[in-house]
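A.B. asks: Quick one: the structure is below, and I'll ask about it shortly.
Nothing in this text is a laboratory measurement; each read-out follows from the coordinates by a stated rule. None of the values given here were measured: they were computed from a predicted structure. Using ideal geometry, Cβ is built from the backbone for each residue, glycine included, and neighbour counts are taken over all protein chains shown.
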Amino acid sequence: MEYLAIHGGKPVRTKPFPAYNVIGDEEKEAVQRVMDSGILSRFLGSWHSDFYGGPEVRAFEEEWANYFGVKHAIAVNSCTSGLYCAIGASGVGPGDEVIVSPYTMSASATSTIIFNAVPVFADIEPNHYCLDPASVESRITERTKAIVVVDIFGQPYDADAINAIAEKHGLLVIEDCAQAPHAKYKGKWAGTLGDIGVYSLNYHKHIHTGEGGVVVTDDDELAEKVRLIRNHAEAVVRNKGTLDLVNMVGFNFRMNEIEAAIGRCQLQKLEGLISKRITNADYLAKELSKFDGITAPAIREDSIHVYYIQCLKYDESVIGVPRDLFINAVKAELPITELREGEGVNMSVGYVKPLYLEPMYQNLIAYGDKGCPFKCPIYKGKTNYEKGLCPVAERLHEKELFSHEFIRPSMTKNDMDDVIDAFEKVYMNRSTI
Ligand SMILES: *Cc1c(COP(=O)(O)O)cnc(C)c1O
C-alpha cells in the first residue's frame, strides 16, 4: 500500500500543470495596431455613425457573424451584459416569468431579474445536464415569456425538443452559449440554435479577450434592440426614431477596440483549440471511466461537445467512499496550474449549488428590501425556490458530479497521465481514506 498525499504520502506530482495561454504574437500585433491608431474605443452613446462602435469592433462583429453563419453579431463587454441585452430585447418585463436552468453560472438567471421578471427554474437532464424539455413544459404558465437555455459544460441543449415547446407556446429561446463556442447540434452551431445566442470571452473560457461577449441573432429587430441596450438606448431612441420604447433603458456594455482586435485573432484560433480539447477529453474519459463507479460524460446524439470543463459521474455505492472525500484525496495528489495559482487544483465537486438555493432566492431579496421582483404586485404568480424543486440538479450537485479542467489544450499526454495516476493511486488505496 502507498500512503496517500492526504495522509502525508508523496503526491503523484507537485510541478504545476502548464498554463493555458492562448495569447501570442498575433494578439500583441493587433493590440499594437490599435495603440498606434490612438482610438481605443469609438463608441458614442447618441444617434450618430459612431453609435455602432469603431473599426475593430465592427470588423470583429462581421467576422464572428460570418464564422457562425448568422446575420447579426453584436460585441459586448461580457456574456453577462449580453444576456441582459438579450432578455431586454425580448421584451421581458415586470409580471413575466422566464424559465431557466438552476445548474449554471448565476448570470443566466439574474438577467431576468434585471428586467424585473421572475426566474422559474426547471430541472435538468440526468445525463446531459441541460434543461429537461419535460420539466420546462411543466413550468410554463400564462406569464411565461422566454426560456433561457444553457449549453452547459460545452454541450448543446436539446434544441429540437425545447424549440418545439417554445414555438407551441409562443416563447423566445435565449441560448447561453458561454461554455460552448464551436459546439454543434445536428450540424448547426451552438449559439445559433435559439432566437438569440450569447457567447463569453472572459479569461476562463475557450477563447478570450480578457473580458468580453458576443450576442448573435438572425432577427433584425432583436439585433437592433440589443445594440440599443448596449449603448444608452434612452438617449438614442428620439433621434433614431425608435417607436417601441419597451426596455429601452440602456447600459454601457460596449466592447473597446483593443478587446475587439484581440477577439479577431482569438476567433481564428478557436477551431484548433477545440480540436485539442476534444482529443484530451476523449483520452481522459476513456481512462478515468476504467475505474468502476466513474462514468464518462454522455454526449447528445448528433452533437459535438466542446468541454468547457469535463464532468464525470461518481457512484458512491460502487466505490464505497463519499465523492467529496475521494476527490479531495485526488486533488491532494495533483498540482495547481500556472497562471491560475490562486485557484488551487482545477478540479471540483458538484459544480454550482442549484441557483434557487442561493440567498437572493431563499430570501426573495434582489432590488431594495421589499421583495422585488418576486413579490411585485404586478406579478400574479407565486415563486417556488424550495429545496427539492429540481431533484436531478440537487442530486448531481450533492452526490454525483465532479469536474476538472485537465482537458485544456496546454495539457500534454504526460500531464494527463499524472492525473490518471492520481486517480489510480487513490482508487487502489480508497479503503484508507
Ligand atoms: C462564464 C459564464 C457566463 C458569464 O460570462 P461573463 O463573460 O463572465 O459575463 C454566463 N453563463 C455561463 C453558463 C457561463 O459559463
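A.B. asks: If the only charges are +1 at each Lys and Arg Cβ and -1 at each Asp and Glu Cβ, what is the size of the charge dipole of the chain around the Cα centre, to the nearest 20 debye? Please report the intermediate quantities before stating the final value.
C.D. replies: Values: 45 positive and 60 negative charges, 113 e Å.
Roughly 540 debye for the chain.
A.B. asks: Moving on. So, with +1 on the Cβ of K and R and -1 on the Cβ of D and E, and no other charges, what is the size of the charge dipole of region 25-265 about its Cα centre, to the nearest 20 debye?
C.D. replies: Approximately 360 debye in magnitude.
A.B. asks: Fewest first, what order do SER81, SER41 take by the number of other Cβ atoms within 10 Å? Please report the intermediate quantities before stating the final value.
C.D. replies: Values: SER81 25, SER41 18.
Result, fewest neighbours first: SER41, SER81.
A.B. asks: Treat every Asp and Glu Cβ in region 362-433 as -1 and every Lys and Arg Cβ as +1, leave all other atoms uncharged, and give the resulting dipole magnitude about the Cα centre to the nearest 20 debye.
C.D. replies: Details: 11 positive and 11 negative charges, 134 e Å.
So the dipole magnitude of region 362-433 works out to roughly 640 debye.
A.B. asks: With a point put 7 Å past each Cα toward its Cβ, work out how far ASP282 is from SER138 in nm, to one decimal.
C.D. replies: 3.7
A.B. asks: Here is a follow-up. Going by how many other Cβ atoms sit within 10 Å of their own, how do MET347, MET360, MET35 line up, fewest first?
C.D. replies: On the way: MET347 19, MET360 16, MET35 13.
So the ranking, lowest neighbour count to highest, is MET35, MET360, MET347.
A.B. asks: Let me ask you something else. Can you give me the orientation-averaged projected area of the convex hull built on the Cα atoms of the chain, in nm²? Please list the in-between numbers first.
C.D. replies: Working: hull surface 86.4 nm².
That works out to 21.6 nm², a quarter of the Cα hull's surface.
A.B. asks: Along region 84-99, what does the Karplus equation 6.51 cos²θ - 1.76 cosθ + 1.60 (θ = phi - 60°) give for ³J(HN,Hα), rounded to whole Hz, x for Gly and Pro?
C.D. replies: 4, 4, 5, 5, x, 4, 6, x, 5, x, x, x, 8, 10, 10, 8
A.B. asks: Now a separate question. State the extension gain, in nm to one decimal, for the chain segment bounded by LYS28 and GLU341, taking 0.36 nm per residue of separation less the distance between their alpha-carbons.
C.D. replies: On the way: separation 313, 0.36 × 313 = 112.68 nm, distance 2.38 nm.
Net length gain for the segment: 110.3 nm.
A.B. asks: Long-range amide H contacts for CYS372: which residues qualify at under 5 Å (H placed 1.01 Å from N, peptide plane, sequence gap of 5 or more or a different chain)?
C.D. replies: Under 5 Å from the amide H of CYS372: ALA366, TYR367.
A.B. asks: Does region 297-433 come out rounded, prolate or oblate by the C-alpha gyration tensor, with a ≥ b ≥ c the root eigenvalues, rounded set by a/c under 1.5 and, if not, prolate when a/b is larger than b/c and oblate if not? Show your work: numbers first, answer last.
C.D. replies: Values: a/c = 2.26, a/b = 2.01, b/c = 1.13.
Prolate is the answer for region 297-433, as a/c is 1.5 or above and a/b outweighs b/c.
A.B. asks: May I pose another question? Could you sort 18-24, 208-214, 281-287 so that the peptide with the highest average Cβ count within 10 Å comes first and the rest follow in order?
C.D. replies: On the way: 18-24: 14.7, 208-214: 23.0, 281-287: 18.0.
Packing order, densest peptide first, comes out as 208-214, 281-287, 18-24.
A.B. asks: On a 0 to 90° scale, report how tilted helix 220-230 is relative to the longest principal axis of the chain, with both axes built from alpha carbons and the result rounded to the nearest 10.
C.D. replies: It is inclined by approximately 80 degrees.
A.B. asks: Between GLU234 and MET360, how many nm apart are label points set 7 Å from Cα along the C-beta direction?
C.D. replies: Result for the modelled spin labels: 2.1 nm.
A.B. asks: Pull out the extension gain between ILE39 and ASP324, defined as 0.36 nm times the separation in residues minus the alpha carbon to alpha carbon distance; nm, one decimal. Please list the in-between numbers first.
C.D. replies: On the way: separation 285, 0.36 × 285 = 102.60 nm, distance 5.05 nm.
Length difference between fully extended and current span is 97.5 nm.
A.B. asks: Considering the Cα trace of region 232-329, what is its radius of gyration and what is Dmax, both in angstroms?
C.D. replies: Here Rg and the maximum Cα pair distance are 23.2, 68 Å.
A.B. asks: What are the ³J(HN,Hα) values, in whole Hz, obtained from phi via the Karplus relation 6.51 cos²θ - 1.76 cosθ + 1.60 with θ = phi - 60°, for each residue of region 319-326 in sequence order, with x given for Gly and Pro?
C.D. replies: Per-residue couplings from phi come out as 7, x, 10, x, 3, 5, 5, 4 Hz.
A.B. asks: Next question. Counting only Cα atoms, I'd like the Rg/Rh figure for region 25-265, Kirkwood definition for Rh.
C.D. replies: On the way: Rg = 17.4 Å, Rh = 17.9 Å.
Result for region 25-265 is an Rg/Rh of 0.97.
A.B. asks: By how many nm would the segment from SER317 to ASP369 lengthen if fully extended, with 0.36 nm per residue of separation less the alpha-carbon distance?
C.D. replies: Numbers: separation 52, 0.36 × 52 = 18.72 nm, distance 4.46 nm.
So the chain would gain 14.3 nm between SER317 and ASP369.
A.B. asks: Related question: So if R0 is 60 Å, what FRET efficiency would TYR67 and CYS376 give, r being the distance between their Cβ atoms, rounded to the nearest 0.05?
C.D. replies: On the way: r = 41 Å, r/R0 = 0.68.
Rounded to the nearest 0.05, the efficiency is 0.90.
A.B. asks: Now for a separate question. Put +1 on the Cβ of each Lys and Arg and -1 on the Cβ of each Asp and Glu in the chain; which of GLY368, MET428, SER289 then has its Cα farthest toward the positive end of the dipole?
C.D. replies: Projecting each Cα onto the dipole axis, the largest value belongs to GLY368.
A.B. asks: Pairing the Cα long axis of helix 257-288 with the longest principal axis of the chain, what angle in degrees results, from 0 to 90 and rounded to the nearest 10?
C.D. replies: On a 0 to 90 degree scale, this one is about 30.
A.B. asks: Could you give each residue of region 235-246 its phi-based ³J(HN,Hα) in whole Hz, using Karplus coefficients 6.51, -1.76, 1.60 with θ = phi - 60°, and x for Gly or Pro?
C.D. replies: With coefficients 6.51, -1.76 and 1.60, one gets 8, 10, 4, 5, 5, 6, x, 6, 9, 7, 8, 4 Hz.
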